[in-house]
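The values are calculated or read from the model by the stated rules, or taken from the named source; none is laboratory data. A quick note: this is a predicted structure, and the numbers were derived from the prediction, not measured. Here the Cβ positions follow ideal geometry from the backbone for every residue, glycine too, while neighbour counts run over all protein chains shown.
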Amino acid sequence: MPIYHPSLEYALVACVAAAGSFLLTPLARRVAIGWGAVARPRDRDVHAVATPRLGGVALLLGLALALFVAARLPALSRAFSNGPEMPWILVAGAVICLVGVLDDRYELDSLTKLAGQVLATGIMVTLGGVQLVDIYLPWGDSGTVSLGSDLAIPVTILLTVLTINAVNFIDGLDGLAAGVTAIAAGAFFVFSYHLARVGYLDVAAVPTLLTAALAGTCIGFLPHNFSPARIFMGDSGSMLVGLMLSAAATTATTSTDPQAFGSAFGSLPLALPLLIPIAVLAVPFVDLLLALVRRMARGQSPFAPDKQHLHHRLLQFGHSHRRAVLLLYFWSALLAFGGAALSIFRVALVLAVMLSVAAVGVLFSVVPGLRQRRRTALAGRLG
């Protein structure tokens with residue numbers, strides 16, 4: 001009797017997703033140009049030339065192709081009958097991608113986009129069954145809080161919409177959103193796959209499959225999207241990957257049994273279900289939070305655009321376009337994989353490595369700005 005190893009099937013799914021999005025992106029680019037879905041430079045934009053959008057269409061098709069293949073694999077096919085309804089999750093992705101396509105072409109107002117986000121999320125939560133029903137907390141007597149369906153549905157919709165907009169907000173530099181999403185999905189995959197193995201659960205699970213397919217899809221899209229980008233993922237892509245990240249985070253959080261790690265970490269496992277999503281999505285959520293506080297302090301709409309996002313600040317600090325993107329990749333990977341590593345290795349070792357690597361990252365982050373200020377001060381003295 002042949003033995004099918006899920007890790008090989010996950011690798012196949014990721015490769016199919018990457019190949020699908022890579023091969024379909026040039027087609028999406030031609031469609032975008034022919035239809036007029038082109039991003040023309042504005043005051044708040046970084047790009048200097050008109051660039052086609054609709055990259056989300058290629059991402060959706062690559063993701064759908066990967067899940068189609070997964071449904072026919074011996075081991076991963078179990079994920080379609082174990083937990084949330086994968087077809088409805090994909091339908092929700094198609095709905096939000098369609099809303100994004102209309103925005104990429106006609107630039108919808110913020111309320112219309114928000115309504116589309118809520119609609120797609122509602123489909124995923126109600127029909128797809130992706131709900132944050134049980135939450136493990138590191139405090140209290142029970143350790144588990146059960147929200148119940150009446151509260152789980154609105155809470156999940158709210159958190160998903162926040163995630164969608166967090167990813168959308170960081171989509172300001174070539175390759176940034178795709179790369180950060182690939183990193184986040186990869187970290188979620190490591191966490192959920194290891195969790196299933198040590199907890200003696202079925203490794204063919206929805207969050208693990210979603211993250212493998214999503215990471216592959218974004219990696220396949222990156223060659224077309226990295227600076228200088230030949231196509232943008234647009235809102236059709238940023239909202240799609242945000243929705244899928246939220247679906248993976250929600251299902252991974254609700255399926256986590258922290259007691260599986262109890263012998264190694266003491267009380268820390270109870271915090272992992274909350275810590276992992278926060279660590280993995282730290283960069284986009286910090287950017288979202290800062291933007292909301294900044295705009296409301298000015299009396300503006302939370303959706304009012306500006307040039308004060310994290311990536312804008314790195315550019316103002318003297319970093320080049322590519323270096324700014326790579327630095328945000330670095331911080332995303334450090335937090336995301338550092339958080340996932342807490343479920344595998346000793347806490348002291350993980351924290352020591354993270355602090356050491358972070359020190360190097362701070363050095364690379366601040367040096368260009370210091371050099372620029374030094375040149376400015378020197379020029380002022382000479383002038």
Starting from the stretch 174-193, take each residue that is in contact (Cβ under 8 Å) with a residue 40 or more places away in the chain and list its partners that are of a type in the set (Lys, Arg) and surrounded by fewer than 24 Cβ atoms within 10 Å (Cβ to Cβ), counting only C-beta distances under 9 angstrom and pairs at least six apart or across chains.
Asp174/Arg322; Gly175/Arg322
Looking at the stretch 237-250, is at least one residue at pLDDT below 90 and touching a strand residue (DSSP E or B) at 6+ places or on another chain (Cβ under 7 Å)?
no
Hey, among Leu60, Leu73, Leu27, which residue is surrounded by fewer than 21 Cβ atoms within 10 Å (Cβ to Cβ), modelled with pLDDT of 95 or more and not charged (D, E, K, R)?
Leu27
Residues being of a type in the set (A, V, I, L, M) and closer than 9 Å to Gly242 by Cα: count how many of those fall in the stretch 163-179.
3
With respect to the numbered conditions (1) in a helix (DSSP H, G or I); (2) buried (at least 20 other Cβ atoms within 10 Å of the Cβ), which one is the sole condition not fulfilled by Pro84?
(1)
